[in-house]
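To start, the structure itself, in structure tokens.
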2 protein chains.
Amino acid sequence: MKLKKKQRQEKLQEMIEETPFITDEELSNKFGVSIQTIRLDRLELSIPELRERIKHVAHKNWNEEVRALPIDEVIGEVVNLELDNLAISILDIKEEHVFSRNQIARGHHLFAQANSLAVAVINDELALTANVKIKFTRPVKVGERVVAKASVVGDDHNRTIVEVKSYVHDEVVFEGKFYMYRTTEN
Amino acid sequence: MKLKKKQRQEKLQEMIEETPFITDEELSNKFGVSIQTIRLDRLELSIPELRERIKHVAHKNWNEEVRALPIDEVIGEVVNLELDNLAISILDIKEEHVFSRNQIARGHHLFAQANSLAVAVINDELALTANVKIKFTRPVKVGERVVAKASVVGDDHNRTIVEVKSYVHDEVVFEGKFYMYRTTEN
DNA sequence: TCCGCTATTATGACTAGGTCCTAATAGTAA
DNA sequence: TTACTATTAGGACCTAGTCATAATAGCGGA
């Protein structure tokens, strides 16, 4: 049996919220009613037309897209890389890295920079972080440039040890000792 | 003097990349050429029409919106929070969290979940991570759901200690001991 | 059974922001 | 002047709608 108006409109509202990229025509097929009925429903529920919905989604995310964190690959810009030896990367702390309240960088960004650098410096197909000991020695503020230096310092029970120190100018802001698992011990 | 074709096309490409929400008409005004010229330019540069561009931006972010690394606030969804006591959050591991080669989650995502949870559980204006010891006990693969449990276990020299354990089902995948700095010792 | 009411469907005119195709005109270099 | 590219113009068509008007369907109550 066909749905009554009220139920159809409720369903319609849900569906459009879930998948805003749906045309009136597709909706009319799904509900087995005419396009006009769908349009009337949208009118009554004040749901804008497809193009406006798309525009809305696009705009909403347009701001966010620019600051989108390249959580892929290495965090920060690698400026030097000698496999199985040392690596250096730079991360400029921007608005999106900090707590809005106090402009201090969230710890996981510094960690992400260090960790991805530790992964990158390992000359192997597979490198995974096993254990880490880290220290945040002083808060980093927005606008500061963090230079992370990773160096492979040795091995320990099947783990390669990478030490990472991050600096703002000459001040150490982060220290970490990464015990990395790798597929083939060189 | 009017720009030559080549220069105009370069500018055009830039402009559309910067602000994709621009119509041919607006472009034609900016460059002082006819709409048809703009259309020809787009054709030659294979730049899609406005609606397609909007759709693209919307779609691109539609995925991201849901999976959005909400690098703001807490990473993962908080399902339980008792300030200064314990907190639980859930993070579903998706494509964007893993190394494409082996589908294993990058460590910094697990760290980010744990770290932000440790920050969140602290009932204070300012909470910063000072030191951490962490262990990644087994790789997490795409599709798995990581449940992080943070508990405040005590104090140590002006630092609040928060232990975080993350699970996939009943298996521990991550363990961390966070020494948190806070403004006012309760 | 007919009346009244809501719900639904149909129809036509119009819109933005295009596409695609054809054709005319402008500008410039050999 | 010729040849060529660049630009402009025009018309038909498209999608996914809007808005207004009108016709029809379904159903409950007297």
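The values are calculated or read from the model by the stated rules, or taken from the named source; none is laboratory data. Remember, it's a predicted structure, so these values are computed and weren't measured experimentally. Positions of Cβ are backbone-derived with ideal geometry, glycine not excepted, and every protein chain shown enters the neighbour counts. Note: areas computed on protein heavy atoms with side chains; ligands, DNA, RNA excluded. Shrake-Rupley method; radii C 1.70, N 1.55, O 1.52, S 1.80 Å.
Below, the figures for the structure above:
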quantity	calculated
Residue list for the range A:9-31, restricted to those being touching a helix residue (DSSP H, G or I) at 6+ places or on another chain (Cβ under 8 Å) and either farther than 18 Å from A:LEU43 by Cβ or not assigned by TED's automatic domain parsing to the domain that holds A:ARG42 (or both)	A:PHE21, A:LYS30
Selection status of A:ASP124, assigned by TED's automatic domain parsing to the domain that holds A:VAL173, more than 15 Å from A:VAL147 (Cα to Cα) and surrounded by fewer than 24 Cβ atoms within 10 Å (Cβ to Cβ)	yes
Output for the range A:25-42, where each listed residue is open to solvent by less than 50 Å² (accessible area, probe 1.4 Å), farther than 17 Å from A:LYS4 by Cβ and within 8 Å of DNA strand C (Cβ to nearest atom)	A:ILE35
Failed item, numbered, when A:ILE47 is tested on (1) open to solvent by less than 40 Å² (accessible area, probe 1.4 Å); (2) more than 10 Å from DNA strand D (Cβ to nearest atom)	(2)
Of the criteria (1) over 16 Å from A:VAL173 (Cβ atoms); (2) touching a helix residue (DSSP H, G or I) at 6+ places or on another chain (Cβ under 8 Å); (3) more than 9 Å from every other protein chain (Cβ to nearest Cβ), which one A:ASN80 fails	(2)
Out of A:SER151, A:SER166, A:SER116, sole residue that is within 22 Å of the chain's Cα centre (by Cα), assigned by TED's automatic domain parsing to the domain that holds A:ILE90 and at pLDDT 90 or above	A:SER166
Residue in the range A:131-138 that is touching a strand residue (DSSP E or B) at 6+ places or on another chain (Cβ under 6 Å), within 9 Å of chain B (Cβ to nearest Cβ), hydroxyl-bearing (Ser, Thr, Tyr) and open to solvent by 30 Å² or more (accessible area, probe 1.4 Å) present	yes
Residue within the range B:104-114 that is touching a Pro at 6+ places or on another chain (Cβ under 8 Å) and within 9 Å of chain A (Cβ to nearest Cβ) present	yes
Those residues of the range B:4-24 which are within 14 Å of another protein chain (Cβ to nearest Cβ) and within 14 Å of DNA strand C (Cβ to nearest atom), in sequence order	B:ILE16, B:THR19, B:PRO20, B:PHE21, B:ILE22, B:THR23
Conditions (1) in contact with a helix residue (DSSP H, G or I) (Cβ under 8 Å, 6 or more places away or on another chain); (2) open to solvent by 80 Å² or more (accessible area, probe 1.4 Å); (3) among the hydrophobic types (A, V, I, L, M, F, W, C): number failed by B:VAL57	(2)
